[in-house]
Amino acid sequence: METKEQIERLRSELHRHNYNYYVLNAPEISDMEFDRMMRDLQELENAHPEWDDPDSPTKRVGSDLNNEFVQVSHRYPMLSLSNTYNKQEVADFYERVQSGLEGEPFEICCEMKYDGLSISLTYEHGRLVRAVTRGDGTQGDDVTENVKTIRCIPLRLHGTGYPEEFEIRGEILMPWTSFEALNQAREEREEPLFANPRNAASGTLKSKNSSVVAQRRLDAYLYSLLGEQISADGHFENLEQARTWGFKISDGMKKVSTLQGIYDFIDYWDVERRNLPVATDGVVLKVNSQRQQRALGYTAKSPRWAIAYKFQAERARTRLNTVTFQVGRTGAVTPVANMDPVQLAGTVVRRATLHNADVMKQLDLHIGDMVYVEKGGEIIPKIVGVDTDARGKETGEKAEFIVHCPECGAELVRYEGEAAWYCPNDTACPPQIKGRIEHFISRKAMNIDSLGPETVDEYYRRGLIRDVADLYDIQVEQINGEDGTREKSARKIVRSIADSVKVPFERVVFALGIRFVGEIAAKTLARHFRTMEALASASLDELLQINGIGTVIAESVIRYFADEKNRDLVHRLQEKGVSMKLSEEELRAQSDKLAGRSIVVSGVFSHHSRDEYKTMIEQHGGKNVGSISAKTSFVLAGTNMGPAKLEKAGKLGIPILSEDEFLKMIE
Ligand code: IVH
């Protein structure tokens, strides 16, 4: 087969498999086969840039180029809906429609109200040409490059019969599973968590880097078709048509012709929505005929032919018994409400977070209060209010935030700009010590998997360990149980502790638990400084020069090593044989070949990721810089490098190296 034909065949097959997987949820091939086809296509495309196609399935991976969002005017304004929370108002809406249409029969299209962010997609000749956010309703941000990475949004339409030009609008969402995975990863890196999938989706879509969007696995449902050439009068019928062109349209959409039909739809989905993969916060009711929609018209803000019925966030009322305070590994103190058990959204809730002192103060909680608990988009339940009418003689004292650490008695401190209070006694406060030891032994750190939180707690209580270095002094006889009954497991534990000295240096840097130094930062620091000694004596300036290290991390590293107790701990770990520098093998991967060179990395690569190239540059002594200037030594360019950058490099006479040339250079 001709190469060009092969490329086209792969593209069209991959478009189809994307659709099967992301729209129909019915893949025909395995993920492995899909990945292999994708790699084959990428290779062919790399070899034949002359046959580039902006809609190729390979473009779904996004690019690392910074894209700026341009403001675009909406051809049709993006309005909002009027909201209601009760069925009486739904009945009022139904009556208004009835009298507005002067008794003419009508149908209502009932849909889910998706809780994400709205998007308007423009298609011309079957191709996605533009994606714009709602913005202020009149103007929004052009986020086309980001939206192209969302797998369920067709880049090219299927079938026939679509208008030459039209807009389709819908909601971009982050599925619960992606949201939870994202937050878990952020927690591990000690990055702030997203409060709910809507914020996560919105933060993601506004990312300047479309490869980030591609990784976050967003989803999208479309719910309105607009344009001069839309044929059918029915909104429902139009969406069913759009489904055949490859769009993801909700299966739950339903036409009804009575008020009772609407109520049944609401009641069904109020329960069933818990089984959906994405967040919903109500239903939307729309008059189905577009002719009738026009007859009913609009108010200044919203259509008279539609209304949103919002589900009550699930809420329960229960008694507050006590407020306790938890101390984390970093010393941050979190207030927790302990309540009478109550059923809420499928689980029994006994505890709710009160977040911090400010939130607690705002709620004005008293012990014995009847409180309202909600599980909104958030996973952890929270107290949203107090039933003050239910206060009586039995109501107890106001719940106050504590002044001293509940674990060690130290006076709490509050750092500027932070909401949390901290226990500063990091060397003697038990949960902080145990938390640090648990972090040290965790899988991604020293990976001492024969130990767990309970054993750490036991050894701590028995006085065997006071810090992570003490682990290496534990003897079999100390932990083999009375009469030596636990000999076997004791030997295993001691052996796995001894083995841990072999974990690579970067994991040791992570294991120390320096605040804000997550796995990735630890790797970056280890590769840059190569030895613990160099890292410990780095200056703030030196740290800030490193790609990927910002002020928060840099200052935290400085603070850590400025503390003599920490330096002493590192020294003791070194004496136990824990790796304090990159291994010979890792060092061999490094050189000074790029010393003194300032390099711009731009575009999409096929052998390594952009971040891997940046790491290589640092490993070989080079410096990563963001933008091209006269001082740039060369540009490492993948495919898709922006035309503005190309032109600038050309003007300044800066050499452009391909991936292969670069790899040869550092070989
Ligand atoms: S129709 C003129 N349908 O709710 C009406 N909106 O307050 C245009 N939404 O900004 C919207 N699900 O982001 C419509 N099935 C649905 C919807 C929906 C969610 C969002 C949309 C809009 C907001 C309206």
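Given +1 at the Cβ of Lys and Arg, -1 at the Cβ of Asp and Glu and no other charges, the dipole of the stretch 343-496 around its Cα centre is 520 debye to the nearest 20. Per residue, the average separation of C-alpha pairs within less than 8 Å and at least 6 apart gives the chain a relative contact order of 10 percent. Straight Cα distances below 15 angstrom link Lys248 to the aspartates and glutamates Glu111, Glu167, Glu171, Asp219, Glu237, Glu240, with same-chain residues fewer than 8 positions distant left out.
Note the full-extension length gain between Asp389 and Leu646 as 0.36 nm times their separation in residues minus their Cα-Cα distance, in nm to one decimal.
Working: separation 257, 0.36 × 257 = 92.52 nm, distance 6.86 nm.
Additional length available on full extension: 85.7 nm.
Listed by chain and number, the lysines whose alpha-carbon sits under 23 Å from that of Lys375, ignoring those within fewer than 8 places in the same chain, are Lys87, Lys113, Lys310, Lys361.
Give me the percent of DSSP beta bridges within the stretch 584-667 that run antiparallel, rounded to the nearest 5.
10 percent
Of the residues Gln241, Ser80, Thr353, the one whose Cα sits farthest towards the positive end of the charge dipole of the chain is Thr353 (charges of +1 on Lys and Arg Cβ, -1 on Asp and Glu Cβ, taken about the Cα centre). Across the stretch 401-517, Cα pairs under 8 Å and at least six residues apart give a relative contact order of 21 percent. Using a cut-off of 25 Å between Cα atoms, the listed pairs Lys593/Lys614; Lys523/Lys565; Lys434/Lys614 include Lys434/Lys614 as exceeding that distance. The aspartates and glutamates whose alpha-carbon is closer than 17 Å to the alpha-carbon of Lys488, local same-chain residues fewer than 8 away aside, are Asp449, Glu477, Asp499. Taking amide H positions as modeled 1.01 Å from N, with prolines and chain starts lacking one, the residues under 5 Å from Ser224 and 5 or more places away or on another chain are Arg169. Label sites at Asn338 and Tyr460, each approximated as a point 7 angstrom past Cα along Cα to Cβ, lie 1.9 nm apart. In loop segments of the stretch 220-283 as defined by DSSP, the GluC sites (Glu not before Pro) with at most 13 further C-beta atoms inside 10 Å of their C-beta are Glu228. The phi torsions of the stretch 383-398, fed into the Karplus equation with coefficients 6.51, -1.76 and 1.60 and a -60° offset, translate into couplings of 8, 9, x, 10, 7, 5, 5, 7, 6, x, 5, 6, 4, x, 5, 5 Hz, rounded to whole numbers, with Gly and Pro shown as x. Note on the chain: antiparallel DSSP beta bridges, both residues inside, total approximately 85 percent of the bridges counted.
Where a number appears in this text, it was derived from the coordinates with a stated rule and is not lab data. Everything numeric in this text was worked out from a predicted model, so none of it was measured. Virtual Cβ from ideal backbone geometry, glycine too; neighbours counted across all protein chains shown.
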